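Peer 1: The structure follows.
The values are calculated or read from the model by the stated rules, or taken from the named source; none is laboratory data. Since the model is a prediction, treat every value here as computed from it, not as a measurement. Don't worry about glycine lacking a Cβ; one is built from the backbone with ideal geometry, like all the others, and counts go over all protein chains shown. Accessible surface is based on the protein model in full, side chains and every heavy atom, while ligands, DNA and RNA are left aside. Shrake-Rupley method; radii C 1.70, N 1.55, O 1.52, S 1.80 Å.
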Amino acid sequence: MAQIPEQVRNQYEQLKDELNRHNHSYYVLDEPSIPDSEYDRGMRRLQDLEQQYPQLLSPDSPSQRVGGAPLPTFSQVAHDVPMLSLDNAFNKEELQDFDRRISERLNIKDGEQIEYVCEPKLDGVAVSLLYHDGLLVRGATRGDGKVGEDITANVRTIRSIPLKLSGDGIPELLEVRGEIYLPRAGFEKINAAAIAQGDKTFVNPRNAAAGSLRQLDSKITASRPLEMCAYSVGQFKGAVTPDTHLHMLGLLGDWGFKINRYVELAGGVSACESYYEQMQERRDQLPYDIDGIVYKVNDLRLQQRLGFVAKAPRWAIARKFPAQEEMTQLLDVEFQVGRTGAITPVARLAPVFVGGVTVSNATLHNGDEIARLGICIGDTVIIRRAGDVIPQVAAVVKDKRPAEARPIVFPEACPVCQSPVRRLEGEAVARCSGGLFCGAQNKEAIKHFASRKAMDIDGLGDKLVELLVDKGLIYSVADLYELSAEKIAGLERMGEKSAQNLIDSIAASKQTSLAKFLFALGIREVGEATGQTLARNFGSLEAIIDADLETLQEVDDIGPVVAYHIRDFLRNPDNLAIVHALREAGVTWDDIDLSAENSQPLKGQTWVLTGAMDVMSRAEAKDKLQALGAKVAGSVSAKTTQLVAGPGAGSKLTKAQSLDIPVMNEEQFIAFLQGV
Ligand code: IVH
């Protein structure tokens, strides 16, 4: 075996520490310290050294996070200190009872408050991690609390779990406990991949985390974006123990663990209650699921005095949030027709309270989803509503299928206009082929035309469009400009004043921009950004109508599909007649002087906007940047040219700073725009 030169060993150790530090910044602190490309280069260098000198390889090397050879089975692990569970409090009174019981047991005088640490109750899988002299030696599941399974190979792949502790005062023996969980975005990603492969999906992030940890092949675990937060200590030997739970969490954080950022100290039970309410409001916006709050007595000596009952400590309790999954019955399926004719099956459900709201509808997306779920009308289903996403049918409880359950038949004719339904090869969506002849598509097209980012007709909401069409007052968007206050004044809830206001805003919408007009037409695949790209590159509507497929595709960001839809729409005589009628009615915009536009001073640049803006709206800032040729991206990366950060900017600002990307505030941004 090749002798390792001292210099190589030093270089290796240094590189390993550096990579572990960057890993910690990225996965524990959420503050990337170097660009990904730089990290990858370091990792390759480390792997080269390990290949050349295999004796160098140590278990705390960041190269060991990719997973190893599959195991035949999981071996069992006995927990030296049992892993307990928590009692639950289902309401305010039960939490008050908990506080009262503690005060009585500890003989706390009336009026004196107990200090509690409040923590989000992460919805994942409990884990025990054992460290000897700061090195991770074992990871285990909770199992029945006494005996769990050895999942060391799997936990090693989780980037927020330190393989080696850093910092001072590290105990000889440390057993850390915490929750391994899957952020919602990771859950969506895994399920999307499962759908693409025709595999079964996971019902929720907790099941997906559990399934990912149960893999005998740690390479599979490595491919799942799992995270871990530490929340307590099982064993602690050979160092000074802190006095409080909060201090203990602080130490764990110093040694390299991720600690949930919302952990807070509360003096007394009413502060605990406000924390609960505050977190309940925040719950939907968090990037991961939480199912409640855990309250823990902060003073560790008091915790010891309180001790345990059966399987739960007396010093802690979980206060649950409303469940994010509930069972209900699928009563029927209706098929809705959208603006582009897309037919969406919508599940009509027996109303159920889930994730804090009553849900009676859920989308079933498309025919493939119906087949994948194997769902029938009459079935009992699990509805999941978490975060801001629309409620989903997460699974079907097949053993509860009633005898009278009937299959869902996807319609062959449009339920609104009876035109044939077509599904293009390779597309998941089936569409009504009726175009604007279809009443549903026509109404949706008018709603889109009037919407804020399109023609921006103030006061013309969805309900009113439906009413105008149903009463025969308009048929196409062009008819809007023929309306008069007298014609509409008699409609439901439409007084003379509001009738006149509506007519005024219809008139005001006539002065628009080419980009908005193109977007308003509702051409498939032409969103706001494509509308702008087209306007900027062609300057006038005539030039776009005249452009052939090749000319359209010469423009950046316009591919063959988008080009096809633009041409298809603008060569259709019915559509052209509407465009003509709109211009006749006075809809107008300033054509763009291409010689000036082409100079696009920010072409090739990528800008990111974050935080609040006072003077200019975010949309306006985006429009201006795009008009100058810049791309406006949603996240900061090494490719970002400039970040505009307003008050309240968070992780994007930190990331930009760590990547040395220039940052300006709104005032500087406005000054900059005036200068270009
Ligand atoms: S403390 C003895 N803190 O909730 C105390 N548990 O039954 C043990 N959990 O399976 C748990 N977040 O995995 C604690 N901040 C938190 C937690 C938490 C989630 C889980 C834990 C356990 C279950 C409680």
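Peer 1: Can you tell me the FRET efficiency between Gln278 and Glu412 if r is taken as the Cβ-Cβ distance and R0 is 51 Å, rounded to the nearest 0.05?
Peer 2: With a Förster radius of 51 Å, E is 0.50.
Peer 1: Taking a virtual spin label 7 Å from the Cα of Lys92 along the C-beta vector, which residues in the stretch 281-295 bring their backbone nitrogen under 20 Å of it?
Peer 2: Hits in the stretch 281-295 for Lys92 at 20 Å: 281-283, 292-295.
Peer 1: Let me ask you something else. Enter the accessible area of Ile170 (Å², nearest 10), with the probe set to 1.4 Å and all protein chains included.
Peer 2: 50
Peer 1: Right, another one. With the other protein chains left in place, how much accessible area per residue, in square angstrom, belongs to the chain at a 1.4 angstrom probe?
Peer 2: On a per-residue basis, 50 Å².
Peer 1: Just want the answer: with Cβ charges of +1 for Lys and Arg and -1 for Asp and Glu, which residue in Gly539, Thr551, Phe517 is farthest toward the dipole's positive end in the stretch 512-564?
Peer 2: Phe517
Peer 1: What FRET efficiency, computed as 1/(1 + (r/R0)^6) with R0 = 60 Å and r the Cβ-Cβ distance, is obtained for Ser617 and Asp243, rounded to the nearest 0.05?
Peer 2: E between Ser617 and Asp243, to the nearest 0.05, is 0.75.
Peer 1: Could I ask something else about it? Amide H of Asn260 versus every other amide H placed in the peptide plane: which residues, excluding those fewer than 5 positions away on the same chain, fall under 5 Å?
Peer 2: Amide H neighbours of Asn260, under 5 Å, 5+ apart: Ala230.
Peer 1: How many nm separate the modelled label positions at Asp168 and Asp568, each set 7 Å beyond the Cα in the direction of the Cβ?
Peer 2: 6.9
Peer 1: Does a label point 7 Å from the Cα of Gln235, set along Cα-to-beta-carbon, have any residues of the stretch 104-131 with amide nitrogen under 17 Å, and which are they?
Peer 2: Only 127-131 pass the distance filter.
Peer 1: May I have the extent of the alpha carbons of the stretch 113-269 along their three principal axes, as whole Å values ordered from largest to smallest?
Peer 2: Cα extents, longest axis first: 53, 38, 29 Å.
Peer 1: Set Lys and Arg Cβ to +1 and Asp and Glu Cβ to -1, take the dipole of the stretch 232-377 about its Cα centre, and tell me which of Leu330, Tyr276, Cys376 lies farthest positive.
Peer 2: Among Leu330, Tyr276, Cys376, the one farthest towards the positive end of the dipole of the stretch 232-377 is Tyr276.
Peer 1: Step through the residues of the stretch 391-404 one at a time and calculate ³J(HN,Hα) from phi using the Karplus curve (6.51 cos²θ - 1.76 cosθ + 1.60, θ = phi - 60°), rounding each to whole Hz and writing x for Gly and Pro.
Peer 2: Ordered by residue, 3J(HN,Hα) equals x, 10, 7, 7, 6, 10, 8, 5, 5, 9, 5, x, 4, 8 Hz.
Peer 1: Report the Cys residues of the chain lacking a disulfide-compatible partner, meaning no second Cys Cβ under 4.7 Å from their Cβ.
Peer 2: Cysteines lacking a close Cβ partner in the chain: Cys118, Cys229, Cys272, Cys376.
Peer 1: Using the 2.2 N^0.38 Å rule of thumb for compact globular proteins, work out how the chain stacks up: its C-alpha Rg over that value, please.
Peer 2: Normalised Rg, Cα atoms only: 1.16.
Peer 1: Keeping every protein chain in place, order Ile390, Ile34 by accessible area at 1.4 Å, biggest value first, i.e. largest first.
Peer 2: The ranking, largest first, comes out as Ile390, Ile34.
Peer 1: Right, another one. Choose one of Gln113, Tyr131, Ile102: the residue whose Cα lies farthest towards the positive end of the charge dipole of the stretch 78-138 (beta-carbon charges +1 Lys, Arg; -1 Asp, Glu; about the Cα centre).
Peer 2: Most positive-ward Cα: Tyr131.
Peer 1: Please express the shape of the stretch 524-596 as an equivalent ellipsoid: the semi-axes are the square roots of 5 times the eigenvalues of the C-alpha gyration tensor, given largest first in whole angstrom.
Peer 2: 19, 16, 10
Peer 1: Given a 1.4 angstrom probe, I'd like the percentage of the accessible area of the stretch 507-583 that is carbon and sulfur, rounded to a whole number.
Peer 2: Roughly 49 percent, rounded to a whole number.
Peer 1: Please identify the longest segment of the chain free of exposed GluC sites (Glu not before Pro), where exposed means a DSSP state other than H, G, I, E or B and no more than 16 other Cβ atoms within 10 Å.
Peer 2: Here the longest run is 173-403.
Peer 1: Per DSSP H run of at least 4 residues, take -39500 (n - 2.57); add these up for the chain, divide by its residues and hand me the 222 nm value, nearest 500 deg cm²/dmol.
Peer 2: Helices in the chain give a 222 nm mean residue ellipticity of -10500 deg cm²/dmol.
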